[in-house]
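Remarks on the structure that follows.
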Amino acid sequence: MNVRIICVGKLREKFYTDAVSEFKKRLSRFVNLEIVELPDEKAGEQLSEAQRTRVKAEEGRRILEHLSPGEVLVATVIKGERLSSEKLADRLSGYMLEGKSRIAFAIGGSLGLSDEVQKRADMKLSFSDMTFTHQLFRVMLLEQIYRAFKIINGEPYHK
């Protein structure tokens, strides 16, 4: 299984990069993991709706350029589907049983994912109604992917 995390923005703090490195190491037993970091658009605090749409569209265009034909896209959005860890494992396992060997998770920038990315998504996933920084969310997503593959492989994982 090939898993990609396509994210807008870079990790800067060492504690985030350390956490990502740890989950990359743990996941290497189960998947080929690639993390694609894309530049974020400059977005000040006081943007018009048209400016917000343009920023998200440009970041979305970059995300879509990195997708392969037939690759499953999971868009991480607040209004997405909420799944337990077991249900996420079931969903990922289902993709594998369907013969889909490439799954990409998209994490947007500070304004979220564009409509184009959301329309292309095979699944929209939400962790909460709360908003998280993209740096923290990347770590949370990797932990849940790791947990899902532990479940898929029948291995214990603390609850």
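Surface calculation, 1.4 Å probe, protein heavy atoms: Tyr146 sits at approximately 20 Å² accessible. Bridges between two residues of the chain, per DSSP, are antiparallel at a rate of about 5%.
Note on Lys100 and Ser68: their simple-model spin labels are 1.4 nm apart, each label 7 Å out from Cα toward Cβ. Taken per residue, the accessible surface of the chain reaches 55 Å², heavy atoms only and a 1.4 Å probe.
Would you mind calculating the relative contact order of segment 66-139 from Cα pairs under 8 angstrom and at least 6 residues apart, reporting the percent as a whole number?
Numbers: 90 pairs, mean separation 39.0, N = 74.
The value is 53 percent.
Given their separation in residues at 0.36 nm each and the Cα-Cα distance between them, Glu58 and Met130 gain 23.5 nm when the chain is fully extended.
Report, in debye and to the nearest 20, how large the dipole of segment 1-69 comes out about its Cα centre when Lys and Arg carry +1 and Asp and Glu carry -1 on their Cβ.
Numbers: 14 positive and 12 negative charges, 55 e Å.
It works out to roughly 260 debye.
For the chain, the residue among Tyr95, Ile6, Leu47 whose Cα projects farthest onto the positive side of the dipole built from Cβ charges is Tyr95.
Magnitude of the charge dipole for segment 37-159, about its Cα centre and with charges confined to Cβ atoms of Lys, Arg (+1) and Asp, Glu (-1), is about 180 debye. Shown for the chain are the DSSP H helices of 15 Å or more along their axis, judged by Cα atoms, with a mean Kyte-Doolittle hydropathy of at least -0.5: 85-97, 134-152.
Past 28 Å, Cα to Cα, is the threshold; run Lys100/Lys124; Lys10/Lys124; Lys14/Lys79; Lys14/Lys87; Lys14/Lys119; Lys10/Lys119 against it and keep the listed order. If you can, show how the numbers build up before the last one.
Working: Lys100/Lys124 17 Å; Lys10/Lys124 22 Å; Lys14/Lys79 30 Å; Lys14/Lys87 32 Å; Lys14/Lys119 34 Å; Lys10/Lys119 25 Å.
Table pairs above 28 Å Cα-Cα are Lys14/Lys79; Lys14/Lys87; Lys14/Lys119.
Subtracting the Cα-Cα distance of Lys119 and Ser85 from their residue separation scaled by 0.36 nm leaves 9.8 nm. With the whole protein complex present, Glu34 retains an accessible surface near 90 Å², based on a 1.4 Å probe.
Close amide H pairs (under 5 Å, H built 1.01 Å from N) link Leu125 with Ala75, Thr76, Val77, Glu81, residues at least 5 positions away or on another chain.
May I ask you to give the percent of accessible area on the chain that is carbon plus sulfur, with a probe radius of 1.4 Å? Provide the component values of the computation, followed by the final result.
On the way: 4350 of 8770 Å².
Ligands and nucleic acids excluded, carbon and sulfur reach 50 percent.
Which residue, Gly80, Gly108, Gly60, tops the fluctuation ranking in a GNM of the chain built on C-alpha contacts under 10 Å? Looking only at Gly80, Gly108, Gly60, the largest GNM fluctuation is found for Gly80. Normalised by residue number, the volume inside the convex hull of the Cα atoms of segment 13-159 is 123 Å³ per residue. For segment 1-127, averaging the sequence separation of C-alpha pairs within contact (under 8 Å, six or more residues apart) and dividing by the residue count gives a relative contact order of 38 percent.
The values are calculated or read from the model by the stated rules, or taken from the named source; none is laboratory data. Here the structure is a predicted model, which means the values were calculated and not measured. Here the Cβ is made from the backbone with ideal geometry for all residues, glycine too, and neighbour counts use every protein chain on show. Side chains are part of the model used for accessible areas, which takes the heavy atoms of the whole protein and leaves out ligands, DNA and RNA. Shrake-Rupley method; radii C 1.70, N 1.55, O 1.52, S 1.80 Å.
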